[in-house]
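Student: After the structure tokens below, expect a handful of questions from me.
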Amino acid sequence: MLETPTRGRFLKEERFLVFEPDRLYMGLVYACIGGGALMMVYGVVTFNTWFLSVGLMVFLAGIWANLSLVRIRFDLKNRTYRRRQGPGFVPRLWQGTLDEIDALVVVASPSLMAPGAANYHLVLHWKQGRAPLMVLETETRLPAGSIQMGGQPTVARAAKFASAMRIPIYDNTQQMSAHPVTIWS
């Protein structure tokens, strides 16, 4: 998948659980927005069309990147979630309660980049297909033993998240499966 990977972390003394791109990536996106805006201002002040046009392109690239990112935020105290999924200038928004979520499933798929390695995905499933599957995290490892043994750190991390959300977790890493979200859907 050509998708910016998300990573889960707890915020505000474990009241919120957030899955979003790394802070370094978000810093780069915000630097594009801010730097592009400053370049446009400099281009207007100095009547320099190069700074104005390049600044506009960098600014719009930062806006496009920010709107295209996938994010989900769980309020663990109120048991609600808010999900934003791109791509484009009109991202799709979902919100609801954690009771609508069916389970957190850990699956393994073969890695196309590293022969012999496996990708372990944390996949969120909604009841009655209310929303599309969401890959929360992906980790690539070279299993030392069985595929299931190689996925134990990912399963432990998923268990921590599922426990905080009070939803069931399923470990489907016994065998390789296809990527949970297809490119051509």
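Student: Can you list which of the trypsin sites (Lys or Arg not before Pro) found in region 88-185 are DSSP loop residues with at most 13 other C-beta atoms within 10 Å?
Tutor: Working: sites: R92, K127, R130, R141, R157, K160, R166; in loops: R130, R166.
Answer in residue order: R130, R166.
Student: Give me the dipole magnitude in Debye, nearest 20, for the chain about the Cα centre, with unit charges on the beta carbon: positive for Lys and Arg, negative for Asp and Glu. Let's see the in-between values first.
Tutor: Details: 19 positive and 12 negative charges, 91 e Å.
Taking the Cα centre of the chain as origin, the dipole is about 440 debye.
Student: Please say if the chain is rounded, prolate or oblate, where rounded means a/c under 1.5 for a ≥ b ≥ c the square roots of the C-alpha gyration tensor eigenvalues, and otherwise the choice is prolate for a/b larger than b/c and oblate otherwise?
Tutor: Values: a/c = 2.46, a/b = 1.73, b/c = 1.42.
Prolate shape, in that a/c is at least 1.5 and a/b is the bigger ratio.
Student: Can you compute the helix-only [θ] at 222 nm over the chain? Use -39500 (n - 2.57) per DSSP H run of at least 4 residues, normalise by all residues, nearest 500 deg cm²/dmol.
Tutor: On the way: 4 runs with 62 residues, N = 185.
Rounded to the nearest 500, it is -11000 deg cm²/dmol.
Student: Within the chain, what's the longest run with no GluC sites (Glu not before Pro) in a DSSP loop and at most 15 other beta-carbon atoms within 10 Å? Give the range, please. If you can, show how the numbers build up before the last one.
Tutor: Working: sites that count: E3, E13, E14.
Longest run free of exposed loop sites: 15-185.
Read-outs throughout are calculated quantities, based only on the coordinates presented, and are distinct from any laboratory measurement. Bear in mind that the values here come from a model prediction, so they are computed numbers and not experimental data. Cβ coordinates were reconstructed from backbone atoms using ideal geometry, including for glycine residues, and neighbour counts include every protein chain displayed.
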